[in-house]
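To start, the structure itself, in structure tokens.
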Amino acid sequence: MLSKLQLHGDVWLAADIHLGPNSPKTAHAFYQFLQQAQHEAGALILCGDIFHAWIGADVAVDPPPWLAHAIYHFRNTALDLPIFFMRGNRDFLLDSRMAHYVGAQMLDDQVILQTDHHRLLLTHGDELCTDDVAYQKFRHRVRGKRLQQFFLKLPLLWRQRIAGGLRKKSSQKQKHLLPAISDVNETSCVELLKKHDEHILVHGHTHRPALHRMQDTEGHNYSRIVLPDWEYDHTEPTRSGWLALQADGQIALHRLHQPTVRFKLKKPHELS
Ligand SMILES: [Mn+2]
């Protein structure tokens with residue numbers, strides 16, 4: 001059974017902001033977005049990879065400048081807006097302690113979100129990239145509680161070095177992977193939805209914002225909405241965006257440099 005999150009009003013979702021020391025422009029754009037959300041949204045859910053890397057909440061005790069800024073902006077926004085954090089593959093060590101510290105609430109890795117008009121399954125999405133067998137093995141290992149506890153007890157400097165080494169390895173690997181392998185596997189997506197009797201999946205991670213229609217072997221229809229990533233520092237064109245689940249039933253996928261895509265999904269799903 002997945003945990004359920006019930007929210008009212010306009011719910012905004014964003015993912016893959018990758019806040020860190022090397023992304024000041026991205027951070028600046030994101031903090032402007034937080035301000036907009038504070039005024040216009042009823043709640044904000046950040047679906048993972050909020051941070052480019054996360055190696056433990058004790059980093060926040062004496063935070064480097066980029067993190068001090070992030071903490072400041074999250075706290076400020078959280079004064080008027082409920083904020084929810086979800087873990088991604090880069091910040092899978094985020095915990096409720098850190099979320100509370102900035103005024104946010106930590107969500108499980110997969111949750112059922114119920115808004116005034118929509119019910120959907122929410123996840124970061126890396127667990128659905130099942131074609132990448134090596135990654136799934138890695139994921140399984142690092143998500144083990146014992147290894148995490150061991151890692152978190154290491155001195156901060158050691159953890160920084162290990163995380164740096166892992167990132168280097170993953171960026172080298174990405175260059176060799178075929179584009180399709182780093183995308184989610186749609187059969188895995190449909191299986192996940194069927195398992196929980198849901199029809200709409202929202203995820204990030206792949207950096208391929210879109211609305212997809214999916215079908216199972218019996219011809220049942222499912223929807224998959226992919227959240228955009230945020231990038232203003234390293235590549236052109238700049239990218240960002242968010243999904244708005246509006247209280248009037250409309251869904252809007254907002255993307256930088258792109259026309260906003262507005263749509264409605266047929267069945268209003270209610271929680272029993
Ligand atoms: Mn990711």
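Number of residues in the stretch 214-235 that are surrounded by fewer than 13 Cβ atoms within 10 Å (Cβ to Cβ) and under 26 Å from residue 26 (Cβ atoms) equals 2. Filtering the stretch 60-83 to residues that are open to solvent by less than 60 Å² (accessible area, probe 1.4 Å) and among the hydrophobic types (A, V, I, L, M, F, W, C) leaves 60, 66, 67, 68, 70, 71, 74, 78, 81, 83. With respect to (1) free of Cβ contacts under 8 Å to residues at least 60 places away in the same chain; (2) farther than 21 Å from residue 129 by Cα; (3) touching a helix residue (DSSP H, G or I) at 6+ places or on another chain (Cβ under 8 Å), the lone exception for residue 231 is condition (1). Within the stretch 180-217, take every residue that is on the phi > 0 side of the Ramachandran plot and in contact (Cβ under 8 Å) with a residue 60 or more places away in the chain and give me the one that is farthest from the ligand (Cβ to nearest atom). Here the residue is 207. Contact map, the stretch 250-272: first residue within 18 Å of residue 6 (Cα to Cα), second residue open to solvent by less than 30 Å² (accessible area, probe 1.4 Å) and at pLDDT below 95, Cβ cut-off under 8 Å, separation 6 or more or different chains; pairs are 250/263; 251/118; 251/263; 251/265; 268/118; 268/249; 269/118. Based on this model, can you work out whether residue 74 counts as aromatic (Phe, Trp, Tyr) and more than 16 Å from the ligand (Cβ to nearest atom)? Taking the combined requirement at face value, the residue satisfies it. Once the stretch 15-29 is narrowed to residues that are part of a helix (DSSP H, G or I), more than 16 Å from the ligand (Cβ to nearest atom) and touching a residue at least 60 places away in the same chain (Cβ under 8 Å), the residue that is nearest to residue 113 (Cα to Cα) is 29. On the given criteria, is residue 91 within 16 Å of the ligand (Cβ to nearest atom), open to solvent by less than 60 Å² (accessible area, probe 1.4 Å) and either modelled with pLDDT of 95 or more or under 19 Å from residue 233 (Cα atoms) (or both)? Judged against the criteria, residue 91 is not a match. When 56, 48 are checked against the criterion of being on the phi > 0 side of the Ramachandran plot and touching a helix residue (DSSP H, G or I) at 6+ places or on another chain (Cβ under 6 Å), 56 stands alone in meeting it. The number of residues in the stretch 80-109 being touching a helix residue (DSSP H, G or I) at 6+ places or on another chain (Cβ under 8 Å) and of a type in the set (S, T, N, Q) comes to 2.
Put simply, of 54, 12, 66 the only residue that is of a type in the set (Phe, Trp, Tyr) and within 16 Å of the ligand (Cβ to nearest atom) is 54. Counting the residues of the stretch 75-95 that are part of a strand (DSSP E or B) and over 13 Å from residue 15 (Cβ atoms) gives 1. The set of residues in the stretch 182-213 that are polar (S, T, N, Q) and open to solvent by 60 Å² or more (accessible area, probe 1.4 Å) contains only 187.
The values are calculated or read from the model by the stated rules, or taken from the named source; none is laboratory data. Predicted model, so just to flag it, every value in this text is computed and none were measured. Here Cβ is always computed from backbone atoms with ideal geometry, including for glycine, and neighbour counts include all displayed protein chains. With ligands, DNA and RNA removed, areas are computed over all heavy atoms of the protein, side chains included. Shrake-Rupley method; radii C 1.70, N 1.55, O 1.52, S 1.80 Å.
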